Amino acid sequence: MHQPTGQSQSTTSSGIQVIRRNGKVTNFDPGKISVAMTKAFLAVEGGSAAASSRVHDTVRDLTDQVVNALTRRLADNGTVHIEDIQDQVELCLMRSGEHKAARAYVLYREGQNQKRQEEAAKRAETEGIPEEHRVNVTLEDGSQRPLDVERLRALVDEACNGFEEVDAPRILQDACRNLFDGVKESDVSQTLVMSARTLIDQEPNYSQVAARLLLDILRREALGFLDIHTSINTQADMAGLYGDYFKRYIKQAEDLELLDTRLGQYDLERLISAIKPERDLQFTYLGLQTLYDRYFIHSESGTRFELPQAFFMRVAMGLAINEIDREGRAIEFYNLLSSFDFMSSTPTLFNSGTLRPQLSSCYLTTVADDLDGIYSSIKDNALLSKFAGGLGNDWTRVRGLGAHIKGTNGKSQGVVPFLKVANDTAVAVNQGGKRKGAVCAYLETWHIDIEEFVELRKNTGDERRRTHDMNTANWIPDLFMQRVAEEKDWTLFSPNETSDLHDLTGKAFEKAYTAYEEKAARGELDIYKTVSATELWRKMLGLLFETGHPWITFKDPCNLRYSNQHMGVVHSSNLCTEITLHTNDQEIAVCNLGSVNLTAHTTEHGLDMAKLEKTVTTAMRMLDNVIDYNYYSVPQARNSNLRHRPVGLGIMGFQDALYKQRLAYTSEEALGFADRAMEAVSYYAIQASSDLAEERGRYSTYEGSLWSQGILPIDSLKLLKAERGDYLQVDESHTLDWASLRDKVQLQGMRNSNTMAIAPTATISNICGVSQSIEPTYQNLFVKSNLSGEFTVVNPYMVHDLKKLGLWDEVMINDLKYYDGSLQPIDRIPAELKAIYATAFEIDPRWLVEAGSRRQKWIDQGQSLNLYMAEPSGKKLDNLYKLAWVRGLKTTYYLRSMGATGAEKTSVQESSGGNGVDLIGSNGSDTPKACSILDPDCEACQ
């Protein structure tokens with residue numbers, strides 16, 4: 001699509017149509033842009049030969065930039081208004097530093113605009129017909145009628161109702177301006193949406209306005225499909241029709257075999273009486289568009305006929321399907337979801353209430369050391385991935401390169417060739433077209449193939465030994481980290497000769513490992529290699545920076561603090577590194593996820609503890625219900641989940657909760673809030689699971705667990721401390737009455753072997769309109785690209801504060817765009833606001849680790865923790881990941897380094913490298929995207 005500088009602009013822009021100010025449509029002519037810019041330059045620089053030469057070259061380059069920007073934003077044969085083109089020219093001049101020419105261009109535009117307004121006023125006075133009424137709309141049958149401006153005005157007025165600093169007439173005027181004569185009726189509402197969208201970077205409330213205008217499109221599509229023919233202009237009109245719509249929706253979805261027929265057996269009148277149509281109005285534009293594009297059920301032709309409140313009720317009905325008072329529980333679940341206080345994970349939202357309710361998020365497997373076991377595991381991957389599960393595979397048992405194969409008397413090719421097969425399987429099985437299959441391979445650091453394993457994502461080398469589509473992670477024993485700290489040697493083994501290491505942790509692992517080192521020194525092992533622990537660590541960090549993989553995860557804290565350790569060993573985490581459950585040949589670990597919206601439970605004074613307790617109690621019931629209702633594609637997963645019943649309750653909106661309290665992420669107060677908030681979630685989650693055990697019975701393997709011994713997650717830190725000694729430094733403070741909760745757990749038991757895990761929440765946080773998971777703000781103003789399109793994202797808290805100071809204006813907006821959403825380089829911003837609104841790459845990553853440590857002490861599983869580093873170096877990475885280990889973190893996720901943004905600064909491009917950092921052999925190649933920020937493909941844990 002993009003042409004090199006100097007090539008024919010007409011070729012580049014052949015598909016663009018321009019809406020003139022009179023509503024007529026003409027072909028786009030880039031030459032007019034060149035002429036306009038040339039005039040602006042000549043007005044400033046004069047017409048000397050030297051000036052003319054510079055102007056010619058500069059205008060040619062700038063014209064190319066404008067045209068390329070327009071073609072990126074528009075689909076083939078897209079239309080653009082003349083004013084939008086001129087806005088792009090003005091922006092391009094400013095970003096290129098041509099401020100004098102830009103000023104001349106702005107003054108010229110303003111003068112011309114004033115003339116047009118005067119002429120329009122005279123014309124309206126003489127003709128008596130507003131110009132907006134002159135546009136005709138083409139109906140589906142080809143006939144035309146005048147544009148119904150009053151209907152549009154009603155839609156816009158409702159959309160703007162209750163919001164400050166939004167301009168309803170401006171939206172309507174802009175929409176009418178962009179409607180050409182003969183426009184299709186189906187495009188009219190979309191034009192309203194687009195008119196509001198373009199204003200989001202000026203005022204965040206326009207995001208909600210755009211979402212409300214989008215509802216008109218959703219309503220018309222759904223009602224038309226269900227053959228409900230009535231005049232519905234606004235959501236207020238829809239409120240009285242929601243009941244009839246909902247009954248027809250359930251019936252049609254059952255007839256199309258999209259929903260379980262048991263949903264039709266509910267008391268629908270009771271459910272309808274609980275539906276709150278007004279909650280359709282609470283979405284941001286990104287949230288509602290995401291739901292529409294990717295979550296709502298649809299006909300085979302692609303027609304969406306599920307509206308937001310029907311969607312939430314459908315999910316709730318599925319989750320309540322086995323309850324005694326299923327209507328009462330469905331209403332309880334619906335209220336939690338539709339209020340955005342809690343949101344289930346994407347697989348649950350996708351599939352609850354459907355014919356195949358695969359609601360679980362994550363699956364963990366361990367791969368056996370024989371062909372039957374290896375290919376059975378790959379088959380299991382395919383089946384689990386097909387129905388929307390994210391996978392974590394433990395490959396440590398597979399023998400290493402050069403190991404003896406008794407059956408053929410040959411030599412093993414090691415684990416890497418099989419990882420290539422697993423990689424290609426993940427690509428081939430695309431989860432029904434909803435998203436790509438996603439898998440992460442784990443390998444322990446003592447495996448003989450570890451040096452090849454860490455290179456799997458490199459862009460150079462033998463492609464047969466590369467896995468570009470699969471995530472990888474190091475499963476690191478504490479002993480290795482101690483050897484690194486003490487600068488000692490490390491020995492690599494093949495697991496067929498040292499098989500017990502796979503199941504050992506802590507001091508037992510150290511004893512067996514050193515014994516194998518002694519055997520190797522005596523020549524009693526066939527396959528081993530001694531390396532410098534420090535050099536291997538440096539290589540691991542170097543490849544992490546260069547390729548984004550393997551992630552750094554720690555075996556011993558995952559096992560020594562594991563609540564169900566009497567039943568098995570945790571051999572890996574999952575796709576997003578927050579699940580830590582045991583696996584074996586008979587059991588595939590499964591986890592069901594959902595996240596509390598921390599923002600909705602936080603005021604300027606802190607947590608609303610009563611509301612949080614109520615939310616967590618209902619959320620835990622919903623998660624527990626998933627286990628019995630869930631569809632399992634392989635028996636090992638069903639057996640494991642029903643025996644142990646683990647769930648993963650997490651949080652999202654942490655950064656927004658800090659904003660509400662005006663706390664900087666890099667402050668002791670923020671660390672305290674991270675600590676106290678997670679303590680409260682932990683307390684209420686454990687309490688809720690224990691109460692469920694009293695009502696429904698304990699999980700079957702409760703006896704012998706840490707729970708049964710009165711050891712709660714906060715208490716299990718002592719077990720880790722006993723094994724690790726001085727290499728553990730964790731804050732152990734608490735504020736709640738944990739003694740009474742211990743007594744309750746020992747008396748009543750637990751319904752779930754595990755209760756908490758913090759997932760990335762990239763997608764469900766968009767639905768709720770809050771910051772994702774525990775992430776710091778990525779940028780305060782940027783354009784986010786995902787499968788639903790491009791969306792302007794602006795920090796509403798920042799805008800509110802800048803408005804109070806009188807600093808929010810066009811100049812500030814342009815400055816933020818220029819500085820990639822950062823307040824730090826802008827001199828007129830007070831230091832307090834710079835601290836509060838520091839973005840991810842402006843925060844010392846050690847604060848992220850410290851906050852993660854405060855949360856980890858309360859969590860019985862893990863957390864998906866990204867680390868950001870603007871200017872990585874070997875020393876910084878070494879210190880950061882050693883700190884993560886010493887602070888007791890179980891896992892880490894992506895390492896993100898600063899990447900360049902595009903010249904237009906309208907979308908976020910992530911890369912690692914390209915910044916000249918000299919880091920342990922880094923070649924500066926691009927870091928792959930991760931699901932936790934901007935990757936639209938992966939939602940396994942979202």
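A few points about this structure:
- If only residues of segment 803-843 that are small (Gly, Ala, Ser) and farther than 12 Å from Asn780 by Cα are counted, the one that is surrounded by the most Cβ atoms within 10 Å (Cβ to Cβ) is Ala835.
- In segment 469-494, residue nearest to Val886 (Cα to Cα) [restricted to those that are within 26 Å of the chain's Cα centre (by Cα) and free of Cβ contacts under 8 Å to residues at least 60 places away in the same chain]: Met470
- Residue count for segment 798-837, restricted to those that are of a type in the set (Phe, Trp, Tyr) and in a helix (DSSP H, G or I): 1.
- Here segment 633-658 is the region considered, the condition is being within 20 Å of Arg356 (Cβ to Cβ) and either surrounded by 24 or more Cβ atoms within 10 Å (Cβ to Cβ) or small (Gly, Ala, Ser) (or both), and the residue that is modelled with the lowest pLDDT is Ser633.
- Taken together, Glu487, Glu452 contain a single residue that is surrounded by fewer than 20 Cβ atoms within 10 Å (Cβ to Cβ), at positive phi and either β-branched (Val, Ile, Thr) or modelled with pLDDT of 90 or more (or both), which is Glu487.
- Residue within segment 702-709 that is part of a helix (DSSP H, G or I) and polar (S, T, N, Q) present: yes
- The residues of segment 838-885 that are of a type in the set (Lys, Arg) and part of a helix (DSSP H, G or I), listed by number, are Arg846, Arg854, Arg855, Lys875, Lys876, Lys882.
Residue by residue, here is whether (1) of a type outside the set (A, V, I, L, M); (2) more than 22 Å from Arg212 (Cα to Cα); (3) in contact (Cβ under 8 Å) with a residue 24 or more places away in the chain; (4) surrounded by 24 or more Cβ atoms within 10 Å (Cβ to Cβ) holds:
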| site | (1), (2), (3), (4) |
| --- | --- |
| Phe312 | yes, no, yes, yes |
| Ala320 | no, yes, yes, yes |
| Glu323 | yes, yes, yes, no |
| Gly328 | yes, yes, no, no |
| Tyr334 | yes, no, yes, yes |
| Ser338 | yes, no, yes, no |
| Pro347 | yes, yes, yes, yes |
| Asn351 | yes, yes, yes, no |
| Pro357 | yes, yes, yes, no |
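- Of the helices (runs of 4 or more DSSP H) lying entirely inside segment 43-136, the ones with 1 or more residues being under 19 Å from Pro30 (Cβ atoms), of a type in the set (Asp, Glu) and at pLDDT 80 or above are found at 49-73, 82-95.
- Hits in segment 191-213 (condition: within 24 Å of Asp809 (Cβ to Cβ) and in a helix (DSSP H, G or I)): Met194, Ser195, Ala196, Arg197, Asn205, Tyr206, Ser207, Gln208, Val209, Ala210
- Condition met for Leu720 (of a type outside the set (D, E, K, R), touching a Leu at 6+ places or on another chain (Cβ under 7 Å), modelled with pLDDT of 95 or more and not in a loop (DSSP other than H, G, I, E, B)): yes
- A count restricted to segment 197-217 and to residues that are in contact with a Leu (Cβ under 7 Å, 6 or more places away or on another chain) and surrounded by fewer than 22 Cβ atoms within 10 Å (Cβ to Cβ) stands at 1.
- Asp726 vs. criteria assigned to a helix (DSSP H, G or I), at pLDDT below 95 and assigned by TED's automatic domain parsing to the domain that holds Glu695: yes
- Among the candidates Asp608, Asp624, residue that is touching a strand residue (DSSP E or B) at 6+ places or on another chain (Cβ under 9 Å), in contact (Cβ under 8 Å) with a residue 24 or more places away in the chain and among the charged types (D, E, K, R): Asp624
- When Phe311 is tested against (1) at pLDDT 95 or above; (2) outside any helix (DSSP H, G or I); (3) hydrophobic (A, V, I, L, M, F, W, C), just one condition goes unmet, and that condition is (2).
- Any chance Gln729 is surrounded by fewer than 22 Cβ atoms within 10 Å (Cβ to Cβ) and closer than 26 Å to Phe509 by Cα: yes
- Considering each residue of segment 758-766 in turn, at least one proves to be touching a residue at least 24 places away in the same chain (Cβ under 8 Å), within 18 Å of Pro646 (Cα to Cα) and hydrophobic (A, V, I, L, M, F, W, C).
- Of all residues in segment 517-531, those that are more than 20 Å from Ser412 (Cβ to Cβ) have Cβ atoms under 6 Å from Cβ atoms of residues that are hydroxyl-bearing (Ser, Thr, Tyr), 6 or more apart or on another chain, in Glu517/Thr491; Thr530/Thr491.
- Within segment 565-586, the residues that satisfy the criterion of being polar (S, T, N, Q) and surrounded by fewer than 24 Cβ atoms within 10 Å (Cβ to Cβ) are Gln565, Thr583, Asn584, Gln586.
- Identity of the residue in segment 372-425, among the charged types (D, E, K, R), surrounded by 15 or more Cβ atoms within 10 Å (Cβ to Cβ) and at pLDDT 90 or above, that ends up nearest to Tyr631 (Cα to Cα): Asp394
- Residue within segment 284-299 that is over 23 Å from the mean Cα position of the chain (by Cα), surrounded by fewer than 23 Cβ atoms within 10 Å (Cβ to Cβ), part of a loop (DSSP other than H, G, I, E, B) and modelled with pLDDT under 95 present: yes
- Residue satisfying all of: in segment 764-793; among the β-branched types (Val, Ile, Thr) and modelled with pLDDT under 90; nearest to Tyr818 (Cα to Cα) among these: Val783
The values are calculated or read from the model by the stated rules, or taken from the named source; none is laboratory data. In this text the structure is predicted, and so the values were computed from the model without any measurement. Note: ideal-geometry Cβ built from the backbone for every residue, glycine included; neighbour counts use all protein chains shown.
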